[in-house]
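Chemist: Let me give you the structure first, and then I'll get to my questions.
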Amino acid sequence: KELRAGRRTRENLYVERASIYGFLAVGHARSANSSEIVWADYLAARVATRRAMGIAPSYFPFDVGLWTPADVLEAGEGLSDGQRAELIADIYSTLDRVDPKDLSPDQRERFHTRRAKLGALLNDSQLEDGAIKDLESERPQVAAFLRARLIGAGVLSSSATTFDAEARESAQRAASYLEARSATIAADPRALRLWLELRWAGETGQRLLREDRRRIPWDVQSRRALLRIVRDLKA
């Protein structure tokens, strides 16, 4: 009365589950089904994908987390502006979590190919102030995520893992922006993860958990602030 499976098998099953939900969401979007059906499928796919990312230590769930929102965004003509912004935020959030140096050569090639396609789809540099302002009343947590990502672009869009004073200052400004909206983003793991990444970069001048023998913040108050963000993220 018990199914015994090895760790690798369980990880693969979680990734397959995320892929199935992703295919359902994309299929309904391409079939021009109602936005309610497409969005319900996508939310199920997002939950499954996030679970797989936390369990399977490989690139595959992250790839699912990139192509699912990208394909829904491309095909979902009936989606609202708020829903499209959610998809863009999910794509950026997943991109920020992938460290190409941790990937095998094949996976790295796949990731960069995927990234190039996403750049063309999103017209990356065209996220303007007006569009984000329109989101602030409808989806304030998404608006905060996108705004902070623009402020801290010098850190997040760079392939470098150590930063000069100018990049650190932009990371600190972006982290302060999110801190001022901590109540708004408290239930949004994308914004909390971004806040942690930006605060760490501002404090240390380095990307969080990239490469070996990285420094940690020396100031006790800063460590406690980072710990609070991690606890909120794990809640």
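The values are calculated or read from the model by the stated rules, or taken from the named source; none is laboratory data. All figures in this text were calculated on a predicted structure; none of them were measured in a lab. Every residue, glycine as well, gets a Cβ built from its backbone with ideal geometry; the counts of neighbours run over all protein chains shown. Heads up: the accessible areas ignore ligands, DNA and RNA and are worked out on the full protein's heavy atoms, side chains in. Shrake-Rupley method; radii C 1.70, N 1.55, O 1.52, S 1.80 Å.
Chemist: For ILE55, indicate whether it is of a type in the set (A, V, I, L, M), open to solvent by less than 40 Å² (accessible area, probe 1.4 Å) and without any contact (Cβ under 8 Å) to a residue 60 or more places away in the chain. Step through it out loud before you land on a result.
Modeler: On the way: of a type in the set (A, V, I, L, M): yes; open to solvent by less than 40 Å² (accessible area, probe 1.4 Å): no; without any contact (Cβ under 8 Å) to a residue 60 or more places away in the chain: yes.
No: the conditions fail for ILE55.
Chemist: Also: Which one is most open to solvent (accessible area, probe 1.4 Å), of the residues in the range 143-163 that are more than 18 Å from GLU179 (Cα to Cα) and of a type outside the set (A, V, I, L, M)?
Modeler: Going through the qualifying residues, I end up with SER159.
Chemist: If you don't mind, another one. Can you tell me which residue in the range 150-169 is nearest to the chain's Cα centre (by Cα), limited to those that are part of a helix (DSSP H, G or I) and within 25 Å of ALA116 (Cβ to Cβ)?
Modeler: Step one: filter the range 150-169 for residues part of a helix (DSSP H, G or I), giving 150-151, 153-156, 165-169.
Okay, now just the ones that are also within 25 Å of ALA116 (Cβ to Cβ), so 150-151, 153-156, 167.
Numbers: LEU150: 14, ILE151: 16, ALA153: 14, GLY154: 17, VAL155: 15, LEU156: 11, ALA167: 20 Å.
Here the answer is LEU156.
Chemist: Restricting attention to the range 217-234, and to residues there that are closer than 20 Å to ASP96 by Cβ and among the hydrophobic types (A, V, I, L, M, F, W, C), which single residue is modelled with the lowest pLDDT?
Modeler: LEU233
Chemist: Restricting attention to the range 27-51, and to residues there that are in contact (Cβ under 8 Å) with a residue 40 or more places away in the chain and open to solvent by less than 60 Å² (accessible area, probe 1.4 Å), which single residue is farthest from the chain's Cα centre (by Cα)? Steps first, please.
Modeler: First pass over the range 27-51, keeping only residues in contact (Cβ under 8 Å) with a residue 40 or more places away in the chain: 29-30, 32, 34-35, 38-39, 42, 46, 50.
Now restrict to residues that are open to solvent by less than 60 Å² (accessible area, probe 1.4 Å): 29, 34-35, 38-39, 42, 46.
Details: ALA29: 22, SER34: 26, SER35: 23, VAL38: 20, TRP39: 18, TYR42: 15, ARG46: 11 Å.
Among them, the one singled out is SER34.
Chemist: Quick check: is even one residue across the range 102-112 under 17 Å from SER157 (Cβ atoms) and surrounded by 14 or more Cβ atoms within 10 Å (Cβ to Cβ)?
Modeler: First, the residues of the range 102-112 that are under 17 Å from SER157 (Cβ atoms): 111-112.
Okay, now just the ones that are also surrounded by 14 or more Cβ atoms within 10 Å (Cβ to Cβ), so 111.
There is at least one residue in the range 102-112 that is under 17 Å from SER157 (Cβ atoms) and surrounded by 14 or more Cβ atoms within 10 Å (Cβ to Cβ).
Chemist: Assuming GLU211 fulfils every condition listed in (1) part of a helix (DSSP H, G or I); (2) over 18 Å from SER93 (Cα atoms); (3) of a type outside the set (S, T, N, Q); (4) open to solvent by 20 Å² or more (accessible area, probe 1.4 Å) apart from one, which condition is it?
Modeler: Only one criterion in (1) part of a helix (DSSP H, G or I); (2) over 18 Å from SER93 (Cα atoms); (3) of a type outside the set (S, T, N, Q); (4) open to solvent by 20 Å² or more (accessible area, probe 1.4 Å) is unmet by GLU211, namely (1).
Chemist: Would you mind finding the one in ALA187, ALA201, ALA144, ALA153 that is in contact (Cβ under 8 Å) with a residue 40 or more places away in the chain and closer than 16 Å to ILE88 by Cα?
Modeler: On the way: ALA187 fails: closer than 16 Å to ILE88 by Cα; ALA201 fails: closer than 16 Å to ILE88 by Cα; ALA153 fails: in contact (Cβ under 8 Å) with a residue 40 or more places away in the chain.
So the residue among ALA187, ALA201, ALA144, ALA153 that is in contact (Cβ under 8 Å) with a residue 40 or more places away in the chain and closer than 16 Å to ILE88 by Cα is ALA144.
Chemist: Specify the residue that is least open to solvent (accessible area, probe 1.4 Å); the eligible residues are those in the range 58-88 that are among the charged types (D, E, K, R) and farther than 11 Å from GLY22 by Cβ. Break it down into steps so the answer makes sense when it comes.
Modeler: First, the residues of the range 58-88 that are among the charged types (D, E, K, R): 63, 71, 74, 77, 81, 84, 86.
Those still in the list that are farther than 11 Å from GLY22 by Cβ too: 74, 77, 81, 84, 86.
Working: GLU74: 126, GLU77: 171, ASP81: 121, ARG84: 79, GLU86: 15 Å².
That would be GLU86.
Chemist: In the list ARG114, ARG108, ARG147, which residue meets the criterion of being under 21 Å from ARG199 (Cβ atoms), of a type outside the set (Asp, Glu) and in a helix (DSSP H, G or I)? Spell out how you get there, then give the answer.
Modeler: Working: ARG114 fails: under 21 Å from ARG199 (Cβ atoms); ARG108 fails: under 21 Å from ARG199 (Cβ atoms).
Result of the check over ARG114, ARG108, ARG147: ARG147.
Chemist: Additional query: Please tell me if LEU13 is more than 17 Å from the chain's Cα centre (by Cα), at pLDDT below 90, open to solvent by 60 Å² or more (accessible area, probe 1.4 Å) and farther than 20 Å from ARG115 by Cα.
Modeler: On the way: more than 17 Å from the chain's Cα centre (by Cα): yes; at pLDDT below 90: yes; open to solvent by 60 Å² or more (accessible area, probe 1.4 Å): yes; farther than 20 Å from ARG115 by Cα: yes.
So LEU13 passes the test.
Chemist: When both residues are 6+ apart or on different chains and their Cβ atoms are under 7 Å apart, which pairs have a first residue that lies in the range 5-22 and is touching a residue at least 24 places away in the same chain (Cβ under 8 Å), and a second that is hydrophobic (A, V, I, L, M, F, W, C) and open to solvent by 70 Å² or more (accessible area, probe 1.4 Å)?
Modeler: Matching pairs, first to second residue: VAL15/PHE60.
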